[in-house]
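Worksheet: the structure to be examined is printed underneath.
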Amino acid sequence: MKRFSLITAATLLPQMALAHPGHDAGKFVGGLSHPLGGADHLLAMVALGLLAAQIGGRALWALPMAFVGGMVAGGVAGWAGLPFPGVEPMILASVVILGALVAMAARLPLAVLAPGSAFFGFAHGWAHGAEGPAQGLIAYAVGFAIATAALHLAGIGLGRMLHRGVLLRGLGSGTALAGIALAMGG
């Protein structure tokens, strides 16, 4: 039920969903709260967990690890001021694509999904790092990595509860639609 409310809110309030500033940057809590502050991040991270649960096996750890690893690298790149043109469209694409993969119960090879997860993680991390603190980057990065891993675990838990059923695919569809709505309204 909370998932439906999140998707509804993301659909109705896209300009708020893409807002990243205003976190208590520079502290562990700022990093921890950053992934929770935008529906685009939240939806993509939970969807990655849903996808990992749907595929199972090595994907359960490989996809979240690839995403978090890519996100940390992207965070450093964003913090260092390296350019990433089109980062917001890439973040929105991650929501749509990850949701669609869950909706279609896609069984792509891990050799394709892991690098794709890392790339999406890099985009999300770049946004976190670009908005991160001038001082205290390590505490901030640890916070956003922990929050991201927790969101992946929540998606995995939910995906395993739904056991590859119609509801799981429906969550994927809802996530993809929310991503489209965010893109249209942003």
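The values are calculated or read from the model by the stated rules, or taken from the named source; none is laboratory data. Not measured: the values here are computed from a predicted model. Because the Cβ atoms are built from the backbone with ideal geometry, glycine has one as well, and the counts that use them run over all protein chains shown. The area values use the complete protein model at the heavy-atom level, side chains included, leaving out ligands, DNA and RNA. Shrake-Rupley method; radii C 1.70, N 1.55, O 1.52, S 1.80 Å.
Sorted on the mean count of surrounding Cβ atoms within 10 Å across their residues, most packed first, peptides 47-55, 175-183 read 47-55, 175-183. In terms of its alpha-carbon gyration tensor, segment 69-171 comes out prolate; a/c meets the 1.5 threshold, and the first ratio a/b outweighs b/c. Kirkwood analysis of segment 27-77, using all unique Cα-Cα pairs, places the hydrodynamic radius at 11.9 Å.
Rounded to the nearest 500, the helix-only mean residue ellipticity at 222 nm of the chain stands at -25500 deg cm²/dmol, with each DSSP H run of n ≥ 4 adding -39,500 (n - 2.57).
Computed on the Cα atoms alone, the convex hull of segment 111-186 gives a volume of 116 cubic angstrom per residue. Within the accessible area of the chain, what % is carbon and sulfur when the probe is 1.4 Å and the other protein chains stay in place? In the chain, the share of accessible area belonging to carbon and sulfur is 75 percent.
Working value for the chain: equivalent-ellipsoid semi-axes of 25, 18, 14 Å, each the square root of 5 times a Cα gyration tensor eigenvalue, largest first. Taking the chain as a Gaussian network of alpha-carbon nodes connected by springs under 10 Å, the highest mean-square fluctuation of the residues 111, 93, 123 belongs to 111.
Percent of C-alpha pairs per 5 Å bin in segment 67-121, short distances first: 5, 17, 23, 27, 15, 8, 4, 1. Surface exposure of segment 130-186, expressed per residue as accessible area with a 1.4 Å probe, stands at 51 Å².
Rounded to the nearest 20 debye, the dipole size of the chain about its Cα centre is 640 debye, using +1 on the Cβ of Lys and Arg and -1 on the Cβ of Asp and Glu.
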